[in-house]
Amino acid sequence: MGQPLLLIAAGGTGGHMFPAQALAEAMVRRGWRVKLSTDARGARYAGGFPHVVEIDQVSSGTFARGGALARALVPARIAAGVASAVVGFLRDRPAVVVGFGGYPSIPALSAAVALRLPRMIHEQNGVLGRVNRLFAPRVDAVCCGTWPTDLPEGVEGYYTGNPVRAAVLERAAAPYIAPGDYPMSLVVIGGSQGARILSDVVPEAIARLPREILANLRIAHQAREEDVARVTEAYDRAGLLAEVKTFFTDIPRRLSEAQLVISRSGASSVADISIIGRPAILVPFAAATADHQTANARGFVEAEAAILIPESALDPGSLSEHIAAVLSQPEAARQMARNALAHGRPDATERLVEVVEHLARKET
Ligand SMILES: CC(=O)N[C@H]1[C@@H](OP(=O)(O)OP(=O)(O)OC[C@H]2O[C@@H](n3ccc(=O)[nH]c3=O)[C@H](O)[C@@H]2O)O[C@H](CO)[C@@H](O)[C@@H]1O
């Protein structure tokens with residue numbers, strides 16, 4: 001028996017590629033050979049993978065973008081990708097094939113189904129993406145980054161969690177300093193791009209807080225480039241100490257020092273907040289496909305770790321009341337922080353490794 005091979009198939013966005021990279025790193029450390037099957041877009045993220053990971057650039061396509069001709073060619077491109085994956089798998093015999101979503105994962109997963117190789121998928125969001133939905137009934141394990149996840153009839157999921165950055169893990173379960181009569185930190189984040197609606201509503205909501213809370217408040221607010229000036233001004237006008245940036249590179253530290261977080265509910269944001277363990281007010285991005293950000297927030301809200309405010313109900317008055325409620329009730333805030341922690345999965349990568357190794361053992 002040589003080195004077992006793990007074939008990772010993932011699509012072209014960071015959301016799919018980062019958990020794929022975390023698993024690749026862990027499997028390489030365990031002595032596995034790892035191949036990444038992706039398209040040209042995905043290959044741009046491959047630089048972050050351990051250098052020993054081999055890249056198979058596949059022919060694939062998406063119905064979601066491109067003109068009529070490009071779309072008409074998608075089936076042929078996918079068929080070519082599947083054929084070359086079958087040939088490659090007959091040669092390499094992967095011990096396990098794992099898909100992380102996205103169209104470029106279609107060829108490898110189809111070939112794994114055709115050749116009856118052990119196979120699994122990981123879905124980052126609380127609703128399956130198109131490709132994962134297609135393969136969920138045809139794989140040996142459906143791993144879920146978010147819990148609960150909406151699954152097709154008859155499909156069972158396993159909650160692994162979403163792998164997070166090392167800087168987040170270093171702050172896992174960092175002691176929570178509940179709100180009190182001392183400087184308090186409020187962190188406002190809108191996902192990797194920032195969120196206009198949070199810039200429209202949050203500064204005004206904060207300005208309406210009772211004076212005794214305002215006197216102690218420091219704010220870190222991530223805003224889109226075009227909103228930075230007006231958000232900075234709004235906090236200045238209210239006489240508040242605020243840092244406004246398009247992206248905070250030190251968000252794990254800032255989360256660990258925060259008394260409250262106001263955030264979108266992208267998969268990684270929810271994972272980061274739960275692993276560090278902080279109370280949150282979540283405002284799901286309403287236009288997300290299949291409303292997946294509401295699904296991402298659901299388990300966290302049910303665990304009483306966060307308050308959910310739909311975009312349609314977000315206004316400065318009610319947001320201000322929610323912020324005041326958390327910042328003026330230290331015991332309730334501490335309980336939210338504990339609930340957040342209980343919901344987190346700091347060992348998401350290890351859980352994924354266990355599933356891979358379990359499937360590999362079943363096969364031998
Ligand atoms: C708008 C949209 O469609 N977003 C999707 C996109 O998320 P998107 O990439 O926008 O957001 P995520 O919440 O998944 O990730 C954002 C990451 O950036 C970090 N951060 C954020 C702000 C900052 O200043 N500094 C910083 O480090 C967060 O802590 C988090 O780790 O892919 C996710 C995974 O499929 C989906 O769940 C989201 O719905």
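The values are calculated or read from the model by the stated rules, or taken from the named source; none is laboratory data. Computed from a predicted structure; not experimentally measured. Reconstructed Cβ throughout: ideal geometry from the backbone, glycine too, with neighbour counts over all protein chains shown. Areas reflect the complete protein model, heavy atoms only, side chains present, ligands, DNA and RNA absent. Shrake-Rupley method; radii C 1.70, N 1.55, O 1.52, S 1.80 Å.
Placing unit charges on each Cβ (+1 for Lys and Arg, -1 for Asp and Glu) gives the chain a dipole about its Cα centre, and among Val187, Met27, Trp147 the Cα reaching farthest toward its positive end belongs to Met27. For the range 35-122, what Kirkwood radius comes out of the mean inverse Cα-Cα distance, in Å? After inverting the pairwise mean of 1/r, the radius is 13.4 Å.
Once backbone amide H atoms are built at 1.01 Å from N, Ile281 has Val261, Ile262, Ser263, Ile307 as its partners under 5 Å, excluding neighbours fewer than 5 places away on the same chain. Taken about its Cα centre, the chain carries a charge dipole of roughly 1160 debye when the Cβ of each Lys and Arg holds +1 and the Cβ of each Asp and Glu holds -1. The Stokes-Einstein estimate for the range 169-343, based on a Kirkwood radius over Cα pairs and taken at 10 °C with 1.306 mPa s viscosity, is a diffusion coefficient of 101 µm²/s. Each peptide among 73-83, 191-201, 114-124 gets the average number of other Cβ atoms lying within 10 Å of its residues, and from highest to lowest they stand as 114-124, 191-201, 73-83.
Split the accessible area of the range 15-162 by element, probe 1.4 Å, and carbon with sulfur accounts for 55%.
Placing unit charges on each Cβ (+1 for Lys and Arg, -1 for Asp and Glu) gives the range 169-343 a dipole about its Cα centre, and among Leu209, Leu282, Ala303 the Cα reaching farthest toward its positive end belongs to Ala303. Relative contact order of the chain: 16 percent, from C-alpha pairs under 8 Å at least 6 residues apart in sequence. Only Lys, Arg, Asp and Glu carry charge here, each on its Cβ (+1 for the first two, -1 for the last two); on that basis the range 169-343 has a dipole of about 260 debye about its Cα centre. Rolling a 1.4 Å probe over the protein heavy atoms leaves Lys245 with an accessible area of roughly 90 Å². With all protein chains in place and a 1.4 Å probe, the accessible surface of the range 169-343 carries 52 percent carbon and sulfur. The Cα-based radius of gyration and maximum Cα-Cα distance (Dmax) for the range 122-271 are 18.7, 58 Å. Sorted into 20 angstrom bins from 0, the C-alpha pair distances of the chain split as 29, 51, 19, 1 percent. What the chain shows is 44 Å² of accessible area per residue, with the surface traced by a 1.4 Å probe over protein heavy atoms.
Helix 74-92 axis versus longest C-alpha principal axis of the chain: approximately 70°, rounded to the nearest ten.
Specify whether the C-alpha gyration tensor of the range 1-151 places it in the rounded, prolate or oblate class, a ≥ b ≥ c being the square roots of the eigenvalues: rounded for a/c under 1.5, otherwise prolate if a/b is larger than b/c and oblate if not. Rounded. Comparing Val98, Val155, Val188 in a Gaussian network model of the chain where C-alpha atoms under 10 Å apart are linked, the largest mean-square fluctuation is found at Val155.
Our analysis of the range 253-351 gives Rg over Rh at 0.96, with the two radii drawn from alpha carbon positions and Rh computed by the Kirkwood formula.
Its Cα gyration tensor gives the range 152-223 an equivalent ellipsoid; the semi-axes, largest first and in whole Å, are 32, 19, 13. When the Cα positions of Thr246, Leu319, Leu169 are compared along the charge dipole of the range 169-343, Leu169 comes out farthest toward the positive end, with charges on each C-beta of Lys, Arg, Asp and Glu.
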